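Any read-out appearing in this document is the output of simple, stated calculations on the displayed coordinates, not a laboratory observation. Only a predicted model underlies this, so the values are computations on that prediction, with no experimental measurement involved. Here the Cβ positions follow ideal geometry from the backbone for every residue, glycine too, while neighbour counts run over all protein chains shown.
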Amino acid sequence: MLLHLSTWPETEDFLRRSTTVVVPIGSNEQHGPTGLLGTDWLCPEIIAHEAQKNADILVAPTFNIGMAQHHLDFPGTIALRPSTFMAAIGDWTRSLAHHGFTKIFFLNGHGGNVATIEAAFSELYADASFAGRSAGFACKLTNWWDLKGVFRLAQQQFPVGHGSHATPSEIAVTQWAYPDHVKAANYAPQIAPSGPIREAKDFRSRYADGRMGSDPGLASPEKGGELVKLAAAGLVEAVRAFEAPGA
Ligand code: NI
């Protein structure tokens, strides 16, 4: 069930069956010369939307802007600073908790988001702790590539040239979902360099076309479909485990 295509009475009915909600979260940022700007929010959205076709889970609108300051020298990137991101995650969570959702499952598509999302959870819990009350909800963060079996499959599909940004696995997922938007380029070098992440000027000088350690030319819609199928099953399993009493 997709929240944005549901009504409030349908949402109220869902809350009688479950108080768990999945929030895809990512970033809108450059993904090399052939990766879609939306890659990091499209991947968790594609997986969550696929998962809800076969299971009674509720998927909230995608939180599609995140921690991308280091990509700002590439056009199309939109970034939140950490303090803004944390404040926004807090209000999303408080809104959902206000309706009675008690398990908030963030399915993440951007490694650069992890520290700040976890810090946002700590802020939410601290509010409750200092006030001496129960938070009334639990938050969980899972990266889509950490769902059961997914990382292993990506390693099998791309033993060389996977890298860490504009990876063939994430680009394959978007190619499967949006086959009319598959792009091509001559990569030079074929596998991009690796190194640290600092501010935007430093990033563009180190990684000329925006990739990090990857060869996106290895991606295919077929490989993306395999990843989505496995990840969607893993998401349902992870959501069911999270909504169990005491989890
Ligand atoms: Ni990415």
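Structure data summary
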{"read-out": "Cut-off under 5 Å, modelled amide H: who pairs with Ile65 long-range", "value": "Gly26"}
{"read-out": "Gaussian network model of the chain, springs between alpha carbon atoms under 10 Å - residue of Glu118, Glu45, Glu12 with greatest fluctuation", "value": "Glu12"}
{"read-out": "Lysines with Cα under 24 Å of Lys183, excluding same-chain neighbours fewer than 8 positions away", "value": "Lys223, Lys229"}
{"read-out": "Highest-MSF residue in the chain out of Ala60, Ala131, Ala154 [GNM, Cα springs under 10 Å]", "value": "Ala131"}
{"read-out": "Euclidean distance between Cα centres, the range 84-106 to the range 1-66, Å", "value": "14"}
{"read-out": "Per-bin percent of Cα-Cα distances, the range 73-155 [10 Å]", "value": "15, 41, 29, 12, 2"}
{"read-out": "Tensor-based shape of the range 135-209 (alpha-carbon gyration tensor, a/c under 1.5 rounded, otherwise prolate or oblate)", "value": "oblate"}
{"read-out": "Gyration tensor verdict on the range 1-146 (Cα atoms; rounded if a/c is under 1.5, prolate if a/b is larger than b/c, oblate otherwise)", "value": "oblate"}
{"read-out": "Highest-fluctuation residue, Gly234, Gly66, Gly109 considered, GNM on the chain with Cα pairs under 10 Å", "value": "Gly234"}
{"read-out": "Global form of the range 192-247, assessed from the alpha-carbon gyration tensor, a/c cut-off 1.5", "value": "oblate"}
{"read-out": "Size of electric dipole in the chain: Cβ of Lys, Arg +1 and of Asp, Glu -1, about Cα centre, debye, nearest 20", "value": "300"}
{"read-out": "Over the chain - Rg/Rh using Cα atoms and the Kirkwood inverse-distance radius", "value": "0.98"}
